[in-house]
Amino acid sequence: MSQVCNPDSFCYVCGEFVVRRYRSNITDYISKCYLKCFGFPIANQDENWVPHKVCKNCQLEFGACAKNPGQVFRRFKIPMRWGKPSDHDEDCYFCRTDTSGYTAKTAKYIQYPTNTSSERPVKHPDKQKSSTSAGGPSRSSTRSTDKPVVYTEAKFKALVRKLALSEEKAQLMKSVFAEHNFLAPKFK
Ligand SMILES: [Zn+2]
Ligand SMILES: [Zn+2]
C-alpha cells in the first residue's frame, strides 16, 4: 500500500482532523494517560496507517483526567479504534475524509466516514454527572426523608418518667430537645 494520505493530520484519540498548529506528538505522558483513561494502550505506533499525533482538545482532557483521579474522559467513552485499511478508495478513513479548505474554525463541520476499517469514538450514554460522585461519600446520606421525632408534652413527660429524671435534668433535656426542634409546636 503506497502512502497517498497523511494520517498524522488526524488525532489518534478522537480521529478528528487537526490543523497543523494544534497537533502534538504522542509523548510517554500521553500514552500513560491514554492507558489510564481507557484501559488499553495506544497501539500500532510503528505503522503508517495510524495517526502519531493528538489534538489539543484530547490533550487538555488527558490533563484534567491526570489531575483528578476518578474523572472520566468526557469527550467520549471509547476512543477512535484504528484498523488497517485494505485500500485508499473505499476503506481509508483518511482518504475518505475531505479536509481540503477547512481551517481551525471550520474543522468542526468536517464529515467523517463511518464505514471504514476504523471505528469512530463511542460517546458516553446520556450525560449524567453521577459518575463524578462515585468516589466520594454521599453528602445527602445523613438527611433522610423520615420525619424527626417530635415530643408532645404528654410524650415528653412519659419519657421523663421512664428515665426517672429529676426536675432539673428534665428541664435540661427539654432545653436540649427544644434546641434540636424535637418538641411539638405547642409544647410549653
Ligand atoms: Zn483528539
Ligand atoms: Zn488513504
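The values are calculated or read from the model by the stated rules, or taken from the named source; none is laboratory data. All of these numbers come straight from a predicted model, not from anything done at the bench. Don't worry about glycine lacking a Cβ; one is built from the backbone with ideal geometry, like all the others, and counts go over all protein chains shown.
Which one of the conditions (1) buried (at least 17 other Cβ atoms within 10 Å of the Cβ); (2) within 16 Å of ligand 1 (Cβ to nearest atom); (3) under 20 Å from Phe94 (Cβ atoms) does Asn57 fail to meet, given that it meets all the rest?
(1)
How many residues, within segment 12-47, are loosely packed, with under 14 Cβ neighbours inside 10 Å and of a type in the set (A, V, I, L, M)?
The total comes to 2.
Which residue out of Val72, Val50 is within 14 Å of ligand 1 (Cβ to nearest atom) and either at pLDDT below 95 or crowded, with 18+ Cβ neighbours inside 10 Å (or both)? Even if it seems obvious, please write down each step before you answer.
Working: Val72 fails: within 14 Å of ligand 1 (Cβ to nearest atom).
Within the list Val72, Val50, the selection yields Val50.
Is there any pair with a first residue in segment 161-183 that is farther than 12 Å from Tyr151 by Cα and assigned to a helix (DSSP H, G or I) and a second that is small (Gly, Ala, Ser) and at pLDDT 85 or above whose Cβ atoms are under 6 Å apart and which are 6 or more apart or on different chains, and what are they?
none
Those residues that are of a type in the set (Ser, Thr, Tyr) and either assigned to a strand (DSSP E or B) or within 16 Å of ligand 2 (Cβ to nearest atom) (or both), I need them from segment 13-43; list them, please.
Keep residues of segment 13-43 that are of a type in the set (Ser, Thr, Tyr), which gives 22, 24, 27, 29, 31, 34.
The answer is Ser24, and nothing else.
Please find, among Glu119, Glu90, the residue that is modelled with pLDDT of 85 or more and either out of contact with any strand residue (DSSP E or B) (no Cβ under 8 Å at 6 or more places or on another chain) or farther than 30 Å from Cys65 by Cβ (or both).
That would be Glu90, the only listed residue that is modelled with pLDDT of 85 or more and either out of contact with any strand residue (DSSP E or B) (no Cβ under 8 Å at 6 or more places or on another chain) or farther than 30 Å from Cys65 by Cβ (or both).
For segment 147-157, does any single residue satisfy the condition of being among the β-branched types (Val, Ile, Thr), more than 30 Å from Gly70 (Cβ to Cβ) and at pLDDT below 75?
Initial filter on segment 147-157 (among the β-branched types (Val, Ile, Thr)): 149-150, 152.
Retained after the next criterion (residues that are more than 30 Å from Gly70 (Cβ to Cβ)): 149-150, 152.
Next, only the ones that are at pLDDT below 75 stay: 149.
Checked against the condition, which is being among the β-branched types (Val, Ile, Thr), more than 30 Å from Gly70 (Cβ to Cβ) and at pLDDT below 75, segment 147-157 yields at least one hit.
Based on this model, can you work out whether Thr97 counts as within 16 Å of ligand 2 (Cβ to nearest atom) and at pLDDT 95 or above? Full working, then the answer.
On the way: within 16 Å of ligand 2 (Cβ to nearest atom): yes; at pLDDT 95 or above: yes.
Considered against the rule, which asks whether it is within 16 Å of ligand 2 (Cβ to nearest atom) and at pLDDT 95 or above, Thr97 comes out as yes.
Suppose we keep only residues that are at pLDDT 95 or above and of a type in the set (Ser, Thr, Tyr) within segment 1-28. Which one would you say is nearest to ligand 1 (Cβ to nearest atom)?
The extreme case among them is Tyr12.
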